[in-house]
Each structure stands twice: as C-alpha cells, then as structure tokens.
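Working notes, beginning with the structure itself.
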Amino acid sequence: MADTEDAGGPSVSEPLDLVRLSLDETVFVKLRGDRELKGRLHAYDSHCNLVLGDVEETIYVVEEDENEEETLRTIKKQEEMLFVRGDSVVLISPQA
C-alpha cells in the first residue's frame, strides 16, 4: 500500500492537528462577543481551551448616541498570559 503523506511534511489527520502545528507560534483567535486575540499559543486541549502569551486583545463596542447613530469603538488591551475557555472560541488561525 502506498504512503499518502508527504515525506518530511507535517501530518494533519484531525482538525486539532492544525492547532498543534501552531504551538509556539502567533495565532489569531476570534471569540464570541466581538472580541479578538492575537498571541503566542503555549498550550491547548481537546475542548479548545487555550493558553496564550504576549496577548493583544481587541474588543469592539457599538455605542449609540442621542441621535440614535451607531459608532464603533475599539478597545485594545495587552496581557502577558491569558487562559481562554474553549466554549467562547469561534476561530483559531495561524498568523500570516
């Protein structure tokens, strides 16, 4: 039977293998509630709980003024280390 994997290439057989390949790399994480994270992935588990380091958190807040006009406000925070509960994760992507 022929081997279908590339010789020397990383093997991806399950969805979380893509997350495994991003360990110790910078990743982009989209969360519920209009929040985004960018940081170095230190650890993860099968529930998509994540431990990120050197994290930049971006929060998008829609505010309505007295004229009922909506404006988008962006709040940025820096954290040295962050634990992210997996049930709030929508997307995990390697940083380009």
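Observations on the structure shown:
- Residues of the range 58-75 satisfying the condition of being surrounded by 10 or more Cβ atoms within 10 Å (Cβ to Cβ) and either among the aliphatic types (A, V, I, L, M) or under 10 Å from the mean Cα position of the chain (by Cα) (or both): 59, 61, 75
- Failed item, numbered, when residue 22 is tested on (1) in contact (Cβ under 8 Å) with a residue 60 or more places away in the chain; (2) within 14 Å of residue 85 (Cα to Cα); (3) in a loop (DSSP other than H, G, I, E, B): (2)
- Comparison of 12, 29 shows that the only residue that is at pLDDT 90 or above and aliphatic (A, V, I, L, M) is 29.
- Of the residues in the range 59-74, at least one is of a type in the set (Lys, Arg) and farther than 20 Å from residue 88 by Cα.
- Residue within the range 57-64 that is modelled with pLDDT of 90 or more, touching a Leu at 6+ places or on another chain (Cβ under 8 Å) and outside any strand (DSSP E or B) present: no
- Selection count where residues are of a type in the set (Phe, Trp, Tyr) and farther than 28 Å from residue 72 by Cβ, scope the range 24-46: 1
The values are calculated or read from the model by the stated rules, or taken from the named source; none is laboratory data. Because the structure is a prediction, the values reported are computed rather than measured. Every residue, glycine among them, receives a Cβ derived from its backbone with ideal geometry; neighbour counts consider all protein chains shown.
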